[in-house]
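Each reported figure results from applying straightforward, stated rules to the coordinates on display, with no laboratory input. Just so we're clear, the structure is a prediction, and the values are computed from it rather than from any experiment. Neighbour counts are summed over all protein chains in view; Cβ atoms, including those assigned to glycine, are modelled from backbone coordinates with ideal geometry.
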Ligand SMILES: [Zn+2]
């Protein structure tokens, strides 16, 4: 009697058909799942007389195998059909192509360029793969000066016995200033935007590359007062007419005297908040009078000309304006991040 049941099931599974993956799954549930017809046979198997157990057992195994093979076959068939259908279905909605917007760093760089252009500065550009001469030597970094270590970068070719022969990824855009100074006589009034590199671990607050805008003005009788006025005008245009600035003494190899510039915190208005670490001020750039050694290095007579230079990090300014909490978001290419800046574009 159990053999009749097996033969009947064998006929059924041999004739199984399915139009899609869902129907295949229904068949699998009907025959092979824990509550399926073939599994149920195993329960009946207990009642089979001992002398028939071998024959019936083999028959059940055969049925099970055929059912499994048939279902596998149907599965493959329906998948192929569905796949083919996808290829020829011209009415299907295509995957949406995510359009971006202008990158926040580009928006802010353009804004900085725009402000300084109105004050008479012209754009200057230079290579990202640079030689030591333009990145360090011309900028008054002595070969053994520890300030070089403050700007550890990536080397394309390194010469431990003579660092001035190194080829490297520029660690600041001052190399562009050097290139302009060695080919142009004053008056020089340039801004140099560009990507720079540092050998830093990548975290929310540091990255191995970032962007700078540096400015340089060289002429006769250029004084610190000129620098301060230009920076005040910039800060007011960039962060609002009420913005105050303050300069703190600092050190850079290429300027003397050197200063860091803070602006009054535009979130709390200078009263102190978490953003400005309760000081009322946030640092935005470094600046100073160009060191006479730099002028001489670049072939400009320091007894006739003087000048100032300043440099700021574009990520820093962008963070201040838009409060981007994680630097890494700038380079992750996530369109959702860009859409946050649609209205600023
Ligand atoms: Zn504040």
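The angle between the Cα long axis of helix 53-88 and the main principal axis of the chain comes to about 40°, on a 0 to 90 degree scale. Helix content alone sets the calculated 222 nm mean residue ellipticity of the chain: runs of n ≥ 4 DSSP H residues at -39500 (n - 2.57) each, divided across all residues, give -12000 deg cm²/dmol.
Could you please rank 315, 283, placing first whichever residue has the fewest other Cβ atoms within 10 Å of its Cβ?
283, 315
Approximating the spin labels as points 7 Å out from Cα along Cα→Cβ, the residue 80-to-residue 343 distance works out to 5.6 nm.
Less than 20 Å from a label point 7 Å out along the Cα-to-Cβ axis of residue 55: which backbone N atoms in segment 1-31 qualify, by residue? Only 1-11 pass the distance filter.
Taking a ≥ b ≥ c as the square roots of the eigenvalues of the Cα gyration tensor of segment 104-344, is the shape rounded (a/c under 1.5), prolate (a/b larger than b/c) or oblate? Oblate is the answer for segment 104-344, as a/c is 1.5 or above yet b/c matches or exceeds a/b. Computed extension gain for residue 89 through residue 17, at 0.36 nm per residue and net of the alpha carbon distance, reaches 23.5 nm.
As a rough footprinting exposure proxy, the listed residues 115, 190 were ranked by other beta carbons within 10 Å of their own, and the order from fewest upward is 115, 190. Give the relative contact order (percent, whole number) for the chain; include only Cα pairs under 8 Å separated by 6+ residues. It comes to 16 percent, rounded to a whole number. In terms of its alpha-carbon gyration tensor, segment 2-87 comes out prolate; a/c meets the 1.5 threshold, and the first ratio a/b outweighs b/c. A straight chain from residue 43 to residue 329 at 0.36 nm per residue would run longer than the Cα-Cα distance by 96.9 nm.
Calculated FRET efficiency, residue 129 and residue 303, Cβ-Cβ r, R0 35 Å, to nearest 0.05?
Numbers: r = 35 Å, r/R0 = 0.99.
Efficiency for this residue pair is about 0.50.
With each label modelled as a point 7 angstrom along the Cα→C-beta vector, the residue 221-residue 35 pair spans 9.8 nm.
When you restrict to C-alpha pairs under 8 Å that are six or more residues apart and normalise by the size of segment 2-87, the relative contact order lands at 44 percent. Normalised by the number of residues in segment 152-207, the mean separation of alpha-carbon contacts (under 8 Å, six or more apart) gives a relative contact order of 35 percent.
Label-to-label distance for residue 118 and residue 145 is 3.6 nm, based on points extended 7 Å past Cα in the beta-carbon direction. The shape of segment 262-343 comes out oblate: with a ≥ b ≥ c from the C-alpha gyration tensor, a/c is at least 1.5 while a/b does not beat b/c.
Largest mean-square fluctuation among 13, 290, 108, in a Gaussian network model of the chain whose springs join Cα atoms under 10 Å apart, belongs to 13. Estimated from the Cβ-Cβ distance and a Förster radius of 56 angstrom, the FRET efficiency linking residue 185 and residue 275 is about 0.80.
Exposure proxy ranking for 302, 264, 174, 117, based on other Cβ atoms within 10 angstrom of each Cβ and starting from the fewest, stands as 117, 302, 264, 174.
Take every DSSP beta bridge whose two residues both sit in the chain; close to 95 percent of them are antiparallel.
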